[in-house]
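Trainee: Dumping the structure here so I can ask a few things about it.
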Amino acid sequence: QVQLDESGGGLVQAGDSLRLSCVFYGRTFSQYVMGWFRQAPGKERELVAAITPGGSTYDADSVKGRFTLSRDHANNMVYLQMNSLKPEDTAIYYCAAQRISSSIYEYWGQGTQVTVSS
């Protein structure tokens, strides 16, 4: 009943910026916490940032001060602005949706590759 469509990944140099976009296809965008996860080769998937319907945000310590998560309720969009990128940020990035009353991210995008060269 919910589909997520991501875009914006690419190959950049250290210090560059990228903006990832996620479109929420469904009727109840305002009922979901939206999160961005990433998974690097050989590593576990980790939560990078999350935002509630009211705009409260969480940022992982590794990206705090560099990444900014925002949502556009009028267009059912979520954005992850990534600045001062580091090679350690290289990973597949996933958009995910969690119902406010749930502890589980139920819906996931297909992932978009971010590669940061040194």
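The values are calculated or read from the model by the stated rules, or taken from the named source; none is laboratory data. Just so you know, these numbers come straight off a predicted model, no measurement behind them. Reconstructed Cβ throughout: ideal geometry from the backbone, glycine too, with neighbour counts over all protein chains shown. Protein only, heavy atoms only, side chains kept; ligands, DNA and RNA dropped before computing areas. Shrake-Rupley method; radii C 1.70, N 1.55, O 1.52, S 1.80 Å.
Trainee: As an exercise: evaluate residue 61 against (1) crowded, with 20+ Cβ neighbours inside 10 Å; (2) charged (D, E, K, R); (3) closer than 28 Å to residue 118 by Cβ and give the number of the one condition it does not meet.
Mentor: Of everything listed in (1) crowded, with 20+ Cβ neighbours inside 10 Å; (2) charged (D, E, K, R); (3) closer than 28 Å to residue 118 by Cβ, residue 61 misses just condition (1).
Trainee: Which one of 104, 100 is among the hydrophobic types (A, V, I, L, M, F, W, C), touching a helix residue (DSSP H, G or I) at 6+ places or on another chain (Cβ under 6 Å) and open to solvent by 60 Å² or more (accessible area, probe 1.4 Å)?
Mentor: Details: 104 fails: touching a helix residue (DSSP H, G or I) at 6+ places or on another chain (Cβ under 6 Å).
Answer to the check: 100.
Trainee: Of all residues being among the charged types (D, E, K, R) and without any contact (Cβ under 8 Å) to a residue 60 or more places away in the chain in the range 37-55, which is farthest from residue 103 (Cα to Cα)? Just the residue, please. Steps first, please.
Mentor: Just the residues of the range 37-55 that are among the charged types (D, E, K, R), to begin with: 38, 43-46.
Filter again for without any contact (Cβ under 8 Å) to a residue 60 or more places away in the chain, leaving 43-46.
Details: 43: 22, 44: 19, 45: 16, 46: 15 Å.
Among them, the one singled out is 43.
Listed here are the residues, each with its yes/no results for (1) of a type in the set (A, V, I, L, M); (2) in a strand (DSSP E or B).
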site	(1), (2)
58	no, yes
61	no, no
88	no, no
92	yes, yes
97	yes, yes
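Trainee: Oh, and also: Looking at the range 27-36 only, could you name the residues that are part of a strand (DSSP E or B) and either without any contact (Cβ under 8 Å) to a residue 60 or more places away in the chain or of a type in the set (A, V, I, L, M) (or both)? Even if it seems obvious, please write down each step before you answer.
Mentor: Going residue by residue through the range 27-36, those that are part of a strand (DSSP E or B) are 32-36.
Hits for the range 27-36 are 33, 34.
Trainee: Could you list all residues from the range 2-26 that are closer than 14 Å to residue 98 by Cα and assigned to a loop (DSSP other than H, G, I, E, B)?
Mentor: Across the range 2-26, the qualifying residues are 2, 26.
Trainee: Here's another thing I want to ask about it. Return yes when residue 41 is surrounded by 13 or more Cβ atoms within 10 Å (Cβ to Cβ), out of contact with any Lys or Arg (no Cβ under 6 Å at 6 or more places or on another chain) and either within 16 Å of residue 78 (Cβ to Cβ) or not small (Gly, Ala, Ser) (or both) and no when it is not.
Mentor: On the way: surrounded by 13 or more Cβ atoms within 10 Å (Cβ to Cβ): no; out of contact with any Lys or Arg (no Cβ under 6 Å at 6 or more places or on another chain): yes; either within 16 Å of residue 78 (Cβ to Cβ) or not small (Gly, Ala, Ser) (or both): yes.
So residue 41 fails the test.
Trainee: Can you tell me which residue among 48, 114 is touching a Lys or Arg at 6+ places or on another chain (Cβ under 6 Å) and not in a loop (DSSP other than H, G, I, E, B)?
Mentor: Values: 114 fails: touching a Lys or Arg at 6+ places or on another chain (Cβ under 6 Å).
Going through 48, 114 in turn, just one is touching a Lys or Arg at 6+ places or on another chain (Cβ under 6 Å) and not in a loop (DSSP other than H, G, I, E, B): 48.
Trainee: Regarding residue 91, is this residue of a type outside the set (Val, Ile, Thr), in contact with a Pro (Cβ under 9 Å, 6 or more places away or on another chain) and closer than 20 Å to residue 9 by Cβ? Let's see the steps before the verdict.
Mentor: Working: of a type outside the set (Val, Ile, Thr): yes; in contact with a Pro (Cβ under 9 Å, 6 or more places away or on another chain): yes; closer than 20 Å to residue 9 by Cβ: yes.
Answer is yes for this residue.
Trainee: Also: Here are the criteria: (1) among the hydrophobic types (A, V, I, L, M, F, W, C); (2) part of a loop (DSSP other than H, G, I, E, B); (3) open to solvent by less than 40 Å² (accessible area, probe 1.4 Å). Tell me which single one residue 74 does not satisfy.
Mentor: Only one criterion is unmet by residue 74, namely (3).
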